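Scroll down for the structure; my scribbles are underneath it.
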Amino acid sequence: MKKIRIGLVGAGWMGKAHLSAMLNEQMLFGPEYGVPVFEMVADNNAASAKVAKEKIGFNRVTDDWKVLVNDPDIDLVDIATPNAFHYQVAKAALEAGKNVYCEKPLSISAAESKELAELAAKKGVIYYVGFNNTQNPANAYVRELVQSGKLGQIMLFIGRYDQDQLLDPTLPITWRHINKLAGCGALGDLGSHLLSVSQFIMGDISAVNAMTTTIFPERPKAKGSSEMAPVENEDIISFMIEYANGAKGMISSSRVATGRKNYLAYEIQGTKGSVIYDLERMGEVQVYFQSDEEVDRGFRKVFLNPLHKGYSAFQPAGGIAIAYNDMKVLEAHELFSAITKGTKYDCTFEFGYKIDRTVAAILESAKKRVWVDGLSEILWASCDFPS
Ligand SMILES: NC(=O)c1ccc[n+]([C@@H]2O[C@H](COP(=O)([O-])OP(=O)(O)OC[C@H]3O[C@@H](n4cnc5c(N)ncnc54)[C@H](O)[C@@H]3O)[C@@H](O)[C@H]2O)c1
């Protein structure tokens with residue numbers, strides 16, 4: 001029973017989600033895969049750190065993440081800060097020889113992510129990036145349908161990740177609107193999740209052609225303030241894709257999508273069958289097979305069930321709802337298992353770099369209003385994703 005001494009940097013929304021996932025991982029999988037010890041939390045907002053200490057029982061609190069990453073009693077540095085800090089915290093943690101668990105996106109630039117992936121590979125530690133949608137049993141099922149050839153030759157991936165969380169123009173500026181903190185807008189925040197799902201199922205993207213829109217170019221500096229600050233990045237991103245395997249794609253993502261709450265949805269069309277999926281109806285995958293008798297052909301609903309990877313950790317029978325936090329539990333389990341048993345995992349920093357390289361190409365394409373290609377030449381020997 002190996003202890004994993006956790007140092008959490010950033011105790012906001014995702015910091016809490018990580019801690020809750022680690023506790024649930026213990027209940028569902030037991031101590032065999034490691035036992036988290038909540039050793040230290042670092043947050044520059046003292047109130048957030050205090051809540052984490054009191055609710056989770058962290059042994060120590062600091063307002064300086066450098067103290068945490070250099071502490072000899074930390075085994076795993078867990079990074080859940082705004083995007084801009086991922087690079088510096090992850091780099092320092094790797095240099096100190098720590099295992100690193102970093103929220104998505106890995107960093108705010110492809111160059112930083114490449115450097116992190118290269119450094120991590122040399123260190124002999126676990127380096128995990130939190131693209132939790134790859135843990136969704138539905139996406140694992142669709143990946144299997146695609147890779148087994150059951151859908152035939154894949155022709156098209158059409159995806160959207162839309163939310164309306166920022167539709168209200170009176171909502172004030174946050175770090176998500178400022179490029180030096182977020183890197184970009186809807187693309188990094190939401191679109192990167194869909195890129196991770198696309199990478200996981202379809203393999204590498206080789207070329208993109210994109211356009212961006214900012215619907216609300218300024219927002220109040222603070223809640224209720226009449227002083228305005230500029231929104232520096234896109235509310236909506238839309239792009240066309242060429243995949244390395246020859247398939248084509250279209251993806252669009254909006255943070256001001258009226259009526260959409262957490263609409264990560266896609267359709268994949270193959271020559272022998274098609275799939276439709278929507279995270280707002282997380283437990284259902286719609287499948288269509290050309291091999292059905294013509295009279296019976298039509299999309300049919302497959303409820304997630306214990307035969308789908310990951311689902312049986314939560315429920316003994318099909319059709320019982322699982323939810324967002326369960327993806328984080330599976331992520332925590334994969335992470336702990338990698339640390340204590342050396343098991344393989346998909347969401348390495350190389351994976352994070354591929355997503356950030358694609359994000360950079362999409363932004364470049366939108367800026368120049370041209371296709372950007374040659375992306376699939378950046379293949380990593382250590383990655384075993386389909387291509
Ligand atoms: N995987 C997902 O589904 C998902 C969902 C939401 C957010 N995220 C990612 O999680 C990260 C955090 O987002 P969030 O929504 O939890 O943000 P948040 O604003 O709720 O929390 C961020 C926390 O980091 C703290 N912080 C800021 N700068 C810091 C620093 N220099 N040192 C220490 N602490 C610092 C803040 O005080 C705050 O408590 C982002 O990278 C975001 O992209 C991922």
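Yes/no per residue for (1) in contact with a helix residue (DSSP H, G or I) (Cβ under 6 Å, 6 or more places away or on another chain); (2) touching a residue at least 60 places away in the same chain (Cβ under 8 Å); (3) closer than 23 Å to MET155 by Cβ:
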site	(1), (2), (3)
THR174	no, no, no
GLY185	no, yes, no
VAL197	yes, yes, yes
MET202	no, yes, yes
ILE205	yes, yes, yes
VAL208	yes, yes, yes
THR212	yes, yes, no
ILE215	no, no, no
GLU218	no, no, no
Every residue from region 83-100 that is at pLDDT 95 or above, outside any strand (DSSP E or B) and within 14 Å of the ligand (Cβ to nearest atom): PHE85, HIS86, TYR87, GLN88, VAL89, ALA90, LYS91, ALA92, ALA93
Quick check, is LYS150 farther than 25 Å from VAL41 by Cα, in a loop (DSSP other than H, G, I, E, B) and more than 13 Å from the ligand (Cβ to nearest atom)? yes
Condition met for GLU144 (within 28 Å of LYS309 (Cα to Cα), modelled with pLDDT of 95 or more, of a type in the set (D, E, K, R) and surrounded by fewer than 19 Cβ atoms within 10 Å (Cβ to Cβ)): yes
Restricting to region 334-360, and then to whatever is more than 30 Å from CYS184 (Cα to Cα) and in contact with a helix residue (DSSP H, G or I) (Cβ under 9 Å, 6 or more places away or on another chain), can you tell me which residue is surrounded by the fewest Cβ atoms within 10 Å (Cβ to Cβ)? LYS344
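Given the residues ILE56, ILE108, which is the only one that is farther than 26 Å from VAL329 by Cβ and at pLDDT below 95? First the steps, then the outcome.
On the way: ILE56 fails: farther than 26 Å from VAL329 by Cβ.
ILE108 is the lone residue from the list that is farther than 26 Å from VAL329 by Cβ and at pLDDT below 95.
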Out of (1) surrounded by fewer than 22 Cβ atoms within 10 Å (Cβ to Cβ); (2) in contact (Cβ under 8 Å) with a residue 60 or more places away in the chain; (3) more than 16 Å from the ligand (Cβ to nearest atom), the one ASP71 does not meet is (3)
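Against the definition (within 20 Å of LEU181 (Cβ to Cβ), acidic (Asp, Glu), within 18 Å of the chain's Cα centre (by Cα) and within 9 Å of the ligand (Cβ to nearest atom)), how does GLU103 come out, yes or no?
On the way: within 20 Å of LEU181 (Cβ to Cβ): yes; acidic (Asp, Glu): yes; within 18 Å of the chain's Cα centre (by Cα): yes; within 9 Å of the ligand (Cβ to nearest atom): yes.
Taking the combined requirement at face value, the residue satisfies it.
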If you check every pair at least six apart or on different chains, which have Cβ atoms under 8 Å apart with a residue in region 13-27 that is outside the structural domain of GLY310 (by TED's automatic domain parsing) and within 13 Å of ILE56 (Cβ to Cβ) first and a residue that is within 16 Å of the ligand (Cβ to nearest atom) and among the basic types (Lys, Arg) second? ALA17/LYS328; HIS18/LYS328; SER20/LYS328; ALA21/LYS328
Verdict on LYS114 being part of a loop (DSSP other than H, G, I, E, B) and of a type in the set (Lys, Arg): no
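Looking at region 21-43, is at least one residue within 13 Å of the ligand (Cβ to nearest atom) and either more than 25 Å from the chain's Cα centre (by Cα) or on the phi > 0 side of the Ramachandran plot (or both)?
Filtering region 21-43 for residues within 13 Å of the ligand (Cβ to nearest atom) gives 21, 40-43.
Still in the running and either more than 25 Å from the chain's Cα centre (by Cα) or on the phi > 0 side of the Ramachandran plot (or both): none.
Within region 21-43, none of the residues are within 13 Å of the ligand (Cβ to nearest atom) and either more than 25 Å from the chain's Cα centre (by Cα) or on the phi > 0 side of the Ramachandran plot (or both).
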I'd like to verify a number: residues in region 222-239 that are surrounded by 12 or more Cβ atoms within 10 Å (Cβ to Cβ) and more than 19 Å from GLY183 (Cα to Cα), how many? 2
Just to check your reading of the model, which residue among ASP189, ASP164, ASP168 is in the same structural domain as GLY319 (by TED's automatic domain parsing), within 12 Å of the ligand (Cβ to nearest atom) and either outside any helix (DSSP H, G or I) or under 30 Å from SER226 (Cα atoms) (or both)? ASP189
Exactly one condition in (1) crowded, with 23+ Cβ neighbours inside 10 Å; (2) among the basic types (Lys, Arg); (3) over 30 Å from LYS309 (Cα atoms) is false for LYS122; which is it? (1)
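Would you mind stating whether TYR128 is away from the ligand (no atom under 16 Å from the Cβ), within 30 Å of VAL302 (Cβ to Cβ), modelled with pLDDT of 95 or more and crowded, with 18+ Cβ neighbours inside 10 Å? Before you say what the answer is, go through the steps one by one.
Values: away from the ligand (no atom under 16 Å from the Cβ): no; within 30 Å of VAL302 (Cβ to Cβ): yes; modelled with pLDDT of 95 or more: yes; crowded, with 18+ Cβ neighbours inside 10 Å: yes.
No, not satisfied.
The values are calculated or read from the model by the stated rules, or taken from the named source; none is laboratory data. Remember, predicted model here, so these are calculated numbers, not experimental data. Please note: Cβ atoms are built from the backbone with ideal geometry, for glycine as well, and neighbour counts cover all protein chains shown.
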